[in-house]
Amino acid sequence: MLATTYRGPYRVRAQHVPEPSIEHPNDAIVRVTRSCICGSDLHLYHGLVPDTRVGSVFGHEFTGIVEAVGPSVRNLKVGDHVLVPFNIFCGSCYFCERELYGNCHNTNPEATAVGGIYGYSHTAGGYDGGQAEYVRVPFADVGPMAIPPDIDIEDAVLLTDALPTGYQAAEMGDIRKGDTVVVFGAGPVGLFAAKCAWLLGAGRVIVVDCVDYRLEFAKRFAQCETVDFRSVKDMAVHIKKMTDWLGADVCIDAVGAEASGNALQRITGVRLKLQAGAATALHWAINSVRKGGTVSIVGVYGPTFNAVPIGNAVNKGLTLRMNQASVKRHLPRLLEHIRAGHIVPRELITHRFPLEEVADAYHIFSSKLDECIKPVLVPPK
Ligand code: NAD
Ligand code: ZN
């Protein structure tokens, strides 16, 4: 089958690899109908995630049709069209019982932090991903959800990660009615976080980025104010000026690894081809939030060590909240928001590429070319 394989930093390829098969009685094999490329995949692509092995298959955001099920699978049947959360989780360990599906104990036993994630390096369990024609889905009774008949499949694929992650980013901000929320990053996650901040009661939403078309998109999609960080000398001062010199009530980091670019460059030896200034989102978030405020971090940081201005956070009495999104926990609520027309997730999909053209898709998404917001890969029929 055709699959997206990693060849080294800035190199992915659509390549023929063996089809997956049932390995455990609770596995399913899913024929992929749509898969997205995520900002998290860019961290892999940029070579920033440790233990990303050449030849591994990327992709953690996908929908597909169940092709085969193992003998102990009860909740799925062949032919079901499902959306599959990016977390791989058992549903019954200490962490899953607490709905911390991103920290499942049984899907990545060697790790102390993250659970299993499709197509996300051996630090996330070494599972192959869904930017492929077929994918093996472990614990198939637990993660996948049949796509309700009234839900568009391209809305469904955004329910596997980007929308729930944006929602959780806003939720972890503990937004109170009327709060000012600043979102760093106008990628899909930041855009959804901005939209969800309104749903959770924000009185003002400001999105920060440096990519013109994304800032314009943010204004239309999330009815927010925007800040182009290229034109700002001191972000904390700028945000304070906008907020009666108090600072934002809530700051959200929807940028991640590239935010500590210099440190990462030293650790990985990879030269980052990123926009100037892209080294500071988490610092800006900590420094721009008001005393006693909350910083919510969903940006992904590949290596375990990253530089953070923790002294400022302590002295300001901040609450820092963070995690991988616990996708399944948010699905019922988000389906209601979609049905009510509060959010049309597929509005973010700007590009559809045949799977064969995955190398172009990564290049365009990574380089912010052609007004790309969210690219979707469509496997051959
Ligand atoms: P993306 O790459 O499309 O968007 C990131 C945006 O941040 C870009 O528009 C970029 O121009 C902007 N940016 C770069 N430096 C910035 C800075 N200093 N200040 C403000 N903006 C800056 O990615 P995405 O798909 O939106 O994902 C965003 C982050 O969320 C990534 O780190 C991704 O790994 C992470 N993520 C986390 C989870 C989770 O469960 N926690 C899930 C999905 C994605
Ligand atoms: Zn993702």
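The values are calculated or read from the model by the stated rules, or taken from the named source; none is laboratory data. Here the structure is a predicted model, which means the values were calculated and not measured. Cβ placement follows ideal geometry from the backbone for every residue including glycine, while neighbour counts extend to all protein chains displayed. SASA here: full protein model, heavy atoms, side chains in, ligands and nucleic acids out. Shrake-Rupley method; radii C 1.70, N 1.55, O 1.52, S 1.80 Å.
Any chance you could check the Cα centroid distance between the range 154-186 and the range 330-380 for me, in angstrom? Distance between centres, Cα-based: 16 Å.
Using alpha-carbon pairs under 8 Å, 6+ residues apart, how would you state the relative contact order of the chain in percent?
Working: 931 pairs, mean separation 68.0, N = 381.
Reported relative contact order: 18 percent.
For the modelled label position 7 Å from the Cα of Y94 along Cα-to-Cβ, which residues of the range 113-150 have backbone nitrogen atoms closer than 13 Å? Inside the label zone: 113.
The calculated FRET efficiency for T112 paired with K77, based on their beta-carbon distance and R0 = 41 Å, is about 0.65. If a paramagnetic tag sat 7 Å from the Cα of I65 along the Cα-Cβ line, which residues of the range 25-39 would have the backbone N under 19 Å from that point? Flagged as within label range: 28-36. Within the chain, what is the longest stretch that has no chymotrypsin sites (Phe, Trp or Tyr not before Pro) placed in a DSSP loop and near at most 13 other beta-carbon atoms within 10 Å? It works out to 1-244. What the chain shows is 41 Å² of accessible area per residue, with the surface traced by a 1.4 Å probe over protein heavy atoms. In square nanometres and to one decimal, what's the mean projected area of the convex hull around the Cα atoms of the range 1-134? In nm², the orientation-averaged hull projection of the range 1-134 is 7.8.
Carbon and sulfur: what percent of the chain's accessible surface (1.4 Å probe)?
Numbers: 7890 of 15500 Å².
The C+S portion of the solvent-accessible surface of the chain is 51 percent.
Couplings 3J(HN,Hα) of the range 369-375, computed from phi: 9, 6, 6, 6, 10, 9, x Hz, in residue order, whole Hz [Karplus 6.51 cos²θ - 1.76 cosθ + 1.60, θ = phi - 60°; x for Gly and Pro]. Here the Karplus curve 6.51 cos²θ - 1.76 cosθ + 1.60, taken at θ = phi - 60°, turns the phi angles of the range 47-54 into couplings of x, 9, 9, x, 6, 8, 8, 4 Hz, with x standing for Gly and Pro.
FRET efficiency for D234 and H363, Cβ-Cβ distance as r, R0 = 41 Å, nearest 0.05? For R0 = 41 Å, the calculated efficiency reads 0.75.
Taken about its Cα centre, the chain carries a charge dipole of roughly 900 debye when the Cβ of each Lys and Arg holds +1 and the Cβ of each Asp and Glu holds -1. For a quick check of your reading of the filter: which GluC sites (Glu not before Pro) in the range 39-122 sit in a DSSP loop and have no more than 16 other Cβ atoms within 10 Å? Sites meeting the loop and neighbour criteria: E99, E110. Within a straight-line Cα-Cα reach of under 12 Å, K177 can be paired with the following aspartates and glutamates, leaving aside sequence neighbours fewer than 8 residues apart in one chain: D249. Taking amide H atoms as placed 1.01 Å from N in the peptide plane, the amide H of V205 lies under 5 Å from those of V181, E225, each 5 or more residues away in sequence or on another chain.
If you take the beta carbon distance between S21 and A340 as r and set R0 to 35 Å, what does 1/(1 + (r/R0)^6) give as a FRET efficiency, to the nearest 0.05? Before the final figure, lay out each step's value.
Numbers: r = 41 Å, r/R0 = 1.18.
Result of the calculation: an efficiency of 0.25.
Which pairs break 27 Å Cα to Cα here: K219/K381; K77/K374; K291/K374; K316/K368; K328/K374; K219/K241? Those over the limit are K219/K381; K77/K374; K291/K374; K316/K368. Go ahead and estimate [θ] at 222 nm for the chain from helices alone: -39,500 (n - 2.57) per DSSP H run with n ≥ 4, summed, over the residue count, rounded to 500. Calculated at 222 nm, the ellipticity per residue is -7500 deg cm²/dmol.
May I ask for the percentage of alpha-carbon pairs in the chain that lie more than 36 Å from each other? Of all Cα-Cα distances in the chain, 17 percent exceed 36 Å.
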